[in-house]
Amino acid sequence: MFARLTGMIAAALLTLGAAQAEVGDDGLHVAPWIEDTFLDLREDLADATANDQRLMVIIEQRGCIYCSRMHEEVWVVPDILQMLEEDFYVVRINMHGSTEVTDFDGEVMEERELARRWRNMFTPTILFFPEEVPEEVTGIEAAAVVMPGAFGRWTTFNMLNWVLENGYEGEEDFQRYHARMFADQAAQGGSE
């Protein structure tokens, strides 16, 4: 009985901690690994490259329960958090925001217009970009990988690693890579 009660208290404390993730005035989660930029994506790509990082653009919106799940349960996992801080240059677009963004092709528009231009329908949507993007393409055309929706710890962890390894250039697609990696992770006690 005592062990069960202790487990319930621990679970409640974890839930309480997750529920207290900070949200900014715009209704989006605050995270120290999200860069505050002028939202000129070509400049952001140059900064990412200069920092030996990969550019990652997250599209979110106020009140998104799936965005909350990622911020409160997935992106706080130590291994994932470390990768976000060290290996990725993360820029956020507010799906309904009015801040000006300059797409890779030089077109300037509000965040909400960019989200429509990129045919974004879900939040969170995460786009990963190669180290070089041709001048005449838009972000959706340039994206090496698009990850629509919220995923669990191991799917996210494996996606970040697959992008860092340039897996999208190889013969093994992400589903096969993830299945192979997850089998190893599950054998070591991991679960989604």
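Assorted remarks:
- Modelled label reach - GLU85, point 7 Å along Cα→Cβ, the range 35-77 residues with backbone N closer than 14 Å: 75-77
- Span-like helix criteria (full DSSP H runs; alpha carbon extent of at least 24 Å along the helix axis; mean Kyte-Doolittle hydropathy of at least 0.5) are satisfied in the chain by 2-19.
- Estimated at 0.36 nm per residue, the fully extended path between GLU132 and TYR168 surpasses their Cα-Cα distance by 11.5 nm.
- Placing unit charges on the Cβ atoms only, positive for Lys and Arg and negative for Asp and Glu, gives the range 22-150 a dipole magnitude near 680 debye about its Cα centre.
- Amide proton proximity set for ILE93, modelled H, under 5 Å, gap of 5+: ILE58, ILE59, GLU60
- Structural descriptor for the chain: relative contact order 20 percent, calculated from alpha carbon pairs under 8 angstrom and at least 6 residues apart.
- If R0 is taken as 35 Å, the Cβ-Cβ distance between ALA187 and VAL30 corresponds to a FRET efficiency of 0.45.
- Among GLU171, GLU141, GLU85: highest mean-square fluctuation, GNM of the chain, C-alpha pairs under 10 Å: GLU171
- Rounded to whole Å, the principal axis extents of the Cα atoms in the range 22-150 read 38, 30, 23, largest first.
- Value at 222 nm in deg cm²/dmol, rounded to 500, when DSSP H runs of n ≥ 4 in the chain each add -39,500 (n - 2.57): -12000 deg cm²/dmol
- Once the Cα-Cα distance is subtracted from the 0.36 nm per residue extended length, the ARG176 to VAL108 segment shows a gain of 20.7 nm.
- Where the Cα pairs of the range 135-192 fall when distances are cut into 10 Å bins, in %: 21, 47, 24, 6, 1
Where a number appears in this text, it was derived from the coordinates with a stated rule and is not lab data. Worth saying up front: this structure is predicted, and the values here are computed from it rather than measured. Note that we place each Cβ from the backbone using ideal geometry, even for glycine, and neighbour counts take in every protein chain shown.
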